[in-house]
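Q: Please find one structure pasted underneath; my questions will follow.
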Amino acid sequence: MEQNHLWPNQNQRHTQPPLVSGSEPRRNRTGVVFSCSGRQGQTTPRSGMTVQRAGTESCRIDATGILPDCAPLANPYVPFQRTNSQRYPTQRALSRGTLYPGLDLPLYGMVNSDMKKTPMTQLMALEFAVIELGMYLDTHPDDREAAALFRDYAQQAAEARAAYEAKHGPLRLGSAGAGGSWDWICDPWPWDFCQEG
Amino acid sequence: MFVYEKKLEYPIRIRNTNPKLAAMIISQYGGSDGELGASLSYLSQRFSMPYPELKGLLTDIGTEELGHLEMVGTIVHQLTRCINEADLHTGPFGPYFVDHAAGVYPTAASGWPYNAASMAVKGDPMADLCEDLAADAAIISGQHKKARLNSVELSRAFLQSVCQRRIDILPWL
């Protein structure tokens, strides 16, 4: 299997540094060993106590809890998408599974090759871009450029859908029966295996 | 209200029957980290979500998960077309076949039927979002295992695609 430079294998993935900042060593709640610059050996005016272990730095223990008051706060970092993120063209977005190159992290380095362009895959690509931009706009409602692009793709998707339905039958219940017969129940259904299409 | 669209989100065309693989992929349908659980979590959590951005996001993600559910069901369906006698006697698909034949049933590969005990709706925005993050991590880990176990190109392409979708939503939660 092809290897991915980001996640070469499960084991290595687990050895990546944790997304927590703070000075080493940090121990568990009962280990009471915390490095803490600037406060070594201080006793506190309150009922705190100083814990000193051989060869380690010491730190005040808060009387109200187990954690020392100088324990570094964890800083989890979740990257938040910026406005004006780079985007793939729709067909590439569909095959890569994301509209955004910045979020494109292939599983085991496996990358889908661009799929054959058919009226259906073109429609899928446009609708996928609409889904992607829609979710992006949920959390970035003020990004006007993205909103304009969303409207553009939504319009193109509507046109592509109408063109597809005129030729191959209804995709939505509301478009059924246009040809005088009840074509909603006609094969193929989406789960049917088709050689082409 | 939901409106059905008679198409998949991503094309699935599996030429070769492979019930052995279907017996593993079914976990993605109704397993503890499957698409059914994912769509139910998002679509249920949104009722108590106070923020407009996240009401929208949970609705849209939950809806897309329903599309993924349909895709996984399609994969299992196509992998079990024209199964032969030998598949039932020699492979891991046998026990599934006894109960469901070539039907698509929401169950884990290990035989546990879908159970809402594997998801959480706590009515607390932070708890629910953290739950979603944890669930996504579990799903990605599952995709890795499935990708290692299977060798069918089309399904691998799909797993890659769905895994990618998981990663997308992480920063938004």
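Please treat every number below as a calculation from the coordinates, not as lab data. Since the structure is predicted, the reported quantities are computational estimates derived from the model, not experimental observations. When we count neighbours, we look across all protein chains shown, and the Cβ atoms used for this are built from the backbone with ideal geometry, even at glycine.
Q: Return the loop-located chymotrypsin sites (Phe, Trp or Tyr not before Pro) in segment B:95-144 (DSSP other than H, G, I, E, B) with at most 14 other Cβ atoms within 10 Å of their own Cβ; answer none if there are none.
A: none
Q: Tell me, A:M120, A:M115 in order of fewest to most beta-carbon neighbours within 10 Å?
A: Ascending Cβ contact count within 10 Å gives the list A:M115, A:M120.
Q: Still on this structure: Once you have the alpha carbon radius of gyration of segment A:70-197, what is it after dividing by 2.2 N^0.38 Å, with N set to its residue count?
A: Taking the Cα Rg and dividing by 2.2 N^0.38 Å, one obtains 1.37.
Q: State whether segment B:1-160 is rounded, prolate or oblate according to the following rule on the C-alpha gyration tensor (a ≥ b ≥ c being the square roots of its eigenvalues): a/c under 1.5 gives rounded; otherwise a/b larger than b/c gives prolate, and the remaining case gives oblate.
A: Prolate, since a/c reaches 1.5 and a/b exceeds b/c.
Q: Going by the alpha-carbon gyration tensor, a ≥ b ≥ c the square roots of its eigenvalues, is segment B:37-125 rounded (a/c under 1.5) or, if a/c is not under 1.5, prolate (a/b greater than b/c) versus oblate?
A: Since a/c reaches 1.5 and a/b is larger than b/c, the shape of segment B:37-125 is classed as prolate.
Q: Follow-up. In what sequence do A:T90, B:T80 fall when counting other Cβ within 10 Å, fewest first? Walk me through the numbers on the way to the answer.
A: On the way: A:T90 22, B:T80 26.
Lowest count first: A:T90, B:T80.
Q: Would you mind ranking B:E85, A:E165 so that the residue whose beta carbon has the fewest other beta carbons within 10 Å leads the list?
A: B:E85, A:E165
Q: Further question: Anything over 32 Å Cα to Cα? Flag those among A:K117/B:K55; A:K167/B:K20; A:K116/B:K20, in the order listed.
A: Listed pairs above 32 Å: A:K117/B:K55; A:K167/B:K20.
Q: Separate question: As an exercise, identify the chymotrypsin sites (Phe, Trp or Tyr not before Pro) in segment A:73-128 lying in DSSP coil whose Cβ has no more than 13 other Cβ atoms within 10 Å. All intermediate terms of the calculation are to be shown ahead of the outcome.
A: Working: sites: A:Y77, A:F80, A:Y108, A:F128; in loops: A:Y77, A:F80.
Listed in order of number, the matching sites are A:Y77, A:F80.
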